[in-house]
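Colleague: There's a structure below that I have some questions on.
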Amino acid sequence: MKRVLTGIKPTGTPHIGNMLGAIRPAIELASSGLDAMYFIADYHALTTVHPPKYGAADLKRLTLEVAATWLALGLDPSTTMFYRQSDVPELFELAWVLQCFTPKGWMNKAHAYKAVADAARAAGETDVDAGINMGVYGYPILMAADILAFDIDLVPVGKDQVQHVEIARDIAQRLNHAYGADLLRMPSAKIDEDAQLVPGVDGRKMSKSYDNVIPLFAPSKKLEKVVKQIATDSTPPEAPKDPATSTIFQIYRALARPDEVAAFAERYRAGIGWGDAKKTLFERIEVEIGEARTRYDALIADPGAIDELLVAGAQRARAIAGATLGRVRRAIGIGV
Ligand code: TRP
């Protein structure tokens, strides 16, 4: 059976864009006859989720929210291995070994680091590395350990993460070249081409970094308030409207069934008030996430139970990571 793995960085409260673009496709993939491992990359989040902006309670809360979200949306922890990265210490030992085989130049070109450094350079900074910690710089190496520890075939990721998966392959190749071709399995990135792209309330791609997200499991009242913030123009209610250019419509289309979408488009062409359009969207979101929100609220009210479940998942993951690490240690000549 092919083994698939992906990591979720707990850096923000999950939103509708996450559900449509990543969580649902991953859960579907897990139930399609693959061996799935999904984990919360809390030590990757630590590269940015720390003081002065964030405290320890924030990292804890974000980790819990992400776990509860995936469970509420249907991840089945009895078939999908679901765990916290930090509960698998083998990953951090493996990451060190991988570092010793990673040319520094590869990290200079890794886009997360390069983007920050390039921006500093463009701004005429004398020290382009100011404010960049070694966690950010070496981020792709820990990610390579996350993958290579588990003999992974497929890594479903967004486009922005493809380079990181390629770095994992390159590192694996180096070790295999040095110690034998069977040491580490070569993973491939899997980009979901049909994943829904969802705009945020300002019309740009929904993203925490744009501060334009519609949170998934906010209480009804709050959700309604956010939907009302979606940007519109000043066209009068009775004027016919082009659904394709409307953010409200684009979000609706990503959620609703084709027949509902067609009916909504018809109302646009006949002339619809923005208030009515927003009400239709809000009600449709409520229908879409209502039951999951009830599950989410119950899950989040019992953090101990989530912890237990994640720890049990980590035990299973550690068995695999331990075997890989043992193989690597023997190959390189470490320990007994
Ligand atoms: N870097 C990924 C992101 O930011 C999260 C991640 C960490 C990951 N480790 C991984 C994804 C391993 C896939 C495989 O989204």
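Colleague: Mind putting a number on the dipole of the stretch 217-297 about its Cα centre? Charges go on the C-beta only, +1 for Lys and Arg and -1 for Asp and Glu, and I need it in Debye to the nearest 20.
Modeller: Charge dipole of the stretch 217-297: 240 debye, to the nearest 20.
Colleague: Could I ask something else about it? Using the C-alpha gyration tensor of the stretch 118-211, what are the square roots of 5 times its eigenvalues, in whole angstrom, with the largest one first?
Modeller: 30, 23, 10
Colleague: Continuing with the same structure: Suppose accessible area is computed on protein heavy atoms with a 1.4 Å probe; arrange LYS228, LYS241, LYS221, LYS190 from highest to lowest.
Modeller: From most accessible down to least: LYS221, LYS228, LYS190, LYS241.
Colleague: So, for the chain, what is the accessible surface per residue at a probe of 1.4 Å, expressed in square angstrom? Can you show the working numbers first?
Modeller: Numbers: 16510 Å² over 336 residues.
Result: 49 Å² of accessible area for each residue.
Colleague: Another question about this same structure. If you place +1 on the Cβ of every Lys and Arg and -1 on the Cβ of every Asp and Glu, how big does the dipole about the Cα centre of the chain come out, in debye to the nearest 20?
Modeller: Values: 39 positive and 41 negative charges, 78 e Å.
Computed about the Cα centre, the dipole is about 380 debye.
Colleague: At 7 Å along the Cα-to-beta-carbon direction for both ALA56 and SER209, put a label point, then send me their distance in nm to one decimal.
Modeller: 3.0
Colleague: Oh, and also: Can you tell me the Rg and Dmax of the stretch 217-297, counting just the alpha carbons, in angstroms?
Modeller: Final numbers for Rg and Dmax: 13.1, 41 Å.
Colleague: Expected output is a single nm value to one decimal: the length gained when fully extending between SER78 and GLU28, i.e. 0.36 nm times separation in residues minus the C-alpha distance. What is it? Intermediate results must be reported in sequence, preceding the final value.
Modeller: Values: separation 50, 0.36 × 50 = 18.00 nm, distance 1.50 nm.
Taking SER78 through GLU28 to full extension adds about 16.5 nm, to one decimal.
Colleague: Spelling out what I want: for every residue of the stretch 59-69, take phi, set θ = phi - 60°, compute 6.51 cos²θ - 1.76 cosθ + 1.60 (Karplus), and round to whole Hz; glycine and proline get x.
Modeller: Taking θ as phi minus 60°, the curve returns 5, 4, 5, 5, 4, 5, 4, 5, 4, 5, 5 Hz for the stretch 59-69.
Colleague: So, by mean Cβ neighbours within 10 angstrom, what's the order for 112-125, 7-20, 198-211 with the highest one leading? Numbers along the way, then the final one.
Modeller: Working: 112-125: 13.1, 7-20: 22.1, 198-211: 16.9.
Going from most to least packed, we get 7-20, 198-211, 112-125.
Colleague: Looking only at the chain, where both bridge partners belong to it, what percent of the DSSP beta bridges are antiparallel (to the nearest 5)?
Modeller: Counting DSSP beta bridges with both partners in the chain, the antiparallel share is about 10 percent.
Colleague: Can you give the log10 of the normalised intensity I(q)/I(0) at q = 0.13, 0.25 Å⁻¹, computed with Debye over equal Cα scatterers of the stretch 1-101?
Modeller: -0.51, -1.33
Colleague: Sort TRP274, TRP70 from largest to smallest accessible area, using a 1.4 Å probe on the heavy atoms of the protein chains.
Modeller: Ranked from most to least accessible, the order is TRP274, TRP70.
Colleague: Report in % the part of the accessible area of the stretch 217-297 that belongs to carbon and sulfur, leaving out ligands and nucleic acids; probe 1.4 Å.
Modeller: 54
Colleague: LYS228: which lysines have alpha carbons under 23 Å from its alpha carbon, excluding same-chain residues fewer than 8 sequence positions away?
Modeller: Candidates past the 8-residue exclusion: LYS205, LYS208, LYS241, LYS278, LYS279.
Colleague: Turning to a different aspect of this structure: Sort the following peptides by mean Cβ neighbour count (other Cβ atoms within 10 Å, averaged over residues), highest first: 81-87, 99-105.
Modeller: Those peptides, ordered most packed to least, come out 81-87, 99-105.
Colleague: Quickly estimate the mean residue ellipticity at 222 nm for the chain, helices only: each DSSP H run with n ≥ 4 gives -39500 (n - 2.57), and the total goes over all residues, rounded to 500.
Modeller: So the calculated ellipticity at 222 nm is -16500 deg cm²/dmol.
Colleague: Moving on. Based on the alpha-carbon gyration tensor of the chain, what equivalent-ellipsoid semi-axes (square roots of 5 times the eigenvalues) come out, in whole Å, largest first?
Modeller: In descending order the semi-axes read 40, 23, 19 Å.
The values are calculated or read from the model by the stated rules, or taken from the named source; none is laboratory data. Computed from a predicted structure; not experimentally measured. So basically every Cβ, Gly included, is an ideal-geometry build from the backbone, and we count neighbours across all protein chains shown. With ligands, DNA and RNA removed, areas are computed over all heavy atoms of the protein, side chains included. Shrake-Rupley method; radii C 1.70, N 1.55, O 1.52, S 1.80 Å.
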